[in-house]
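Working notes, beginning with the structure itself.
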Amino acid sequence: MGTKKSVLVDGQGGPLGATIAGANVLERKMLRDTIEAIVVERPEPTAAEPQHLSLDGGYKNPTGRAAAAEASYIAHIHVGGEVVKPADRKPGSKPRRWVVERTLAWLSKCRGILVRYDKKDTNYLGLIQLACALYGYRRLVRLSQDDASQNTT
């Protein structure tokens, strides 16, 4: 009786991969599929530059940790009851989970995604992927405009 969206984003909130499942499916079971849904080529993690994956408390179990480790990520799992002091973060940085929530909120602004009218899963997933591509394109244009304005001054 519903659909659950799982989105993997980069540090600034740009969507890298998305999957959907029934609302009764646990997030930890969707993690492996979400990691496999990454559409851009991922650089190989090295000992000098490991890749981190910030997750919420729903992934604090062996299944979630195994999926992250299998994809060569270092999992950082935040449980809701833990208090992270602002002094523990870099100045001006927001909580890591916030960028994921912002991306999901942006996707919810698309009417075809907020209210699911499509009966076929592939059509609905296609809409989500199209919205992610549009978001990525807009972000790329905005970043190139920012670079151009900095070069002219």
Review point. Can you name the residue in the stretch 40-59 that is of a type in the set (A, V, I, L, M, F, W, C) and surrounded by 14 or more Cβ atoms within 10 Å (Cβ to Cβ) and is also nearest to Q12 (Cα to Cα) among such residues?
Key: L53
Revision key, fill the gap. When every residue in the stretch 61-107 that is modelled with pLDDT of 65 or more, assigned to a loop (DSSP other than H, G, I, E, B) and among the small types (G, A, S) is compared, the one surrounded by the most Cβ atoms within 10 Å (Cβ to Cβ) is A71
Practice item. State which residue pairs qualify: first residue in contact (Cβ under 8 Å) with a residue 60 or more places away in the chain and inside the stretch 105-122, second residue in a helix (DSSP H, G or I) and of a type in the set (D, E) in any location, beta carbons under 9 Å apart, and separation of 6 or more residues or different chains. Key: none
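The values are calculated or read from the model by the stated rules, or taken from the named source; none is laboratory data. This structure is a prediction, so every number in the text was calculated from the model and none was measured. Here the Cβ is made from the backbone with ideal geometry for all residues, glycine too, and neighbour counts use every protein chain on show.
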